[in-house]
Amino acid sequence: QTTMADELTREQLVERIKTLEARLAAKQNNESDPTKKKAPARQKIDKLSAKVTDENPYSRLMALKRMGIVENYENIRKVSVLLVGVGGVGSVAAEMLTRCGVGRLIMFDYDKVELANMNRSFFHT
């Protein structure tokens, strides 16, 4: 079975490498270019409202404040949480903290993705 390298001359391979390196460099430059258009980010909501809107993803959680369960729900955005272990329980906790609007979530897990723990590995990159 022949490969692409078997069919190309040395000069063609060198030229192909140069082309690919140039494309890679251009891609890396575009990613670090501050003038490049980025996807629009959702604006930070200054004051959380109890009105349910698409612009305020936490508005449904403000019902906790209306029911008297939480006094000042807005303060949750100032909270930082360190989550050690993002396995079965930790991954669910991370998702719930995110949905509740925690301001900063730091996740740490030393484990490796292996066949034995795939059933509890939700957030591996």
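FYI, it's all coordinate maths here, none of it is from the lab. Everything numeric here is computed off the predicted structure, so don't read it as measured data. Every residue, glycine as well, gets a Cβ built from its backbone with ideal geometry; the counts of neighbours run over all protein chains shown.
With labels modelled as points extended 7 Å from the Cα through the Cβ direction, what inter-label distance (nm, one decimal) is found for LYS51 paired with VAL92?
Computed distance between label sites LYS51 and VAL92 equals 3.7 nm.
Quick one: if you stick a label point 7 Å off each Cα along the C-beta vector at GLU21 and LYS78, how many nm between them?
In this crude label model, GLU21 to LYS78 measures out at 5.4 nm.
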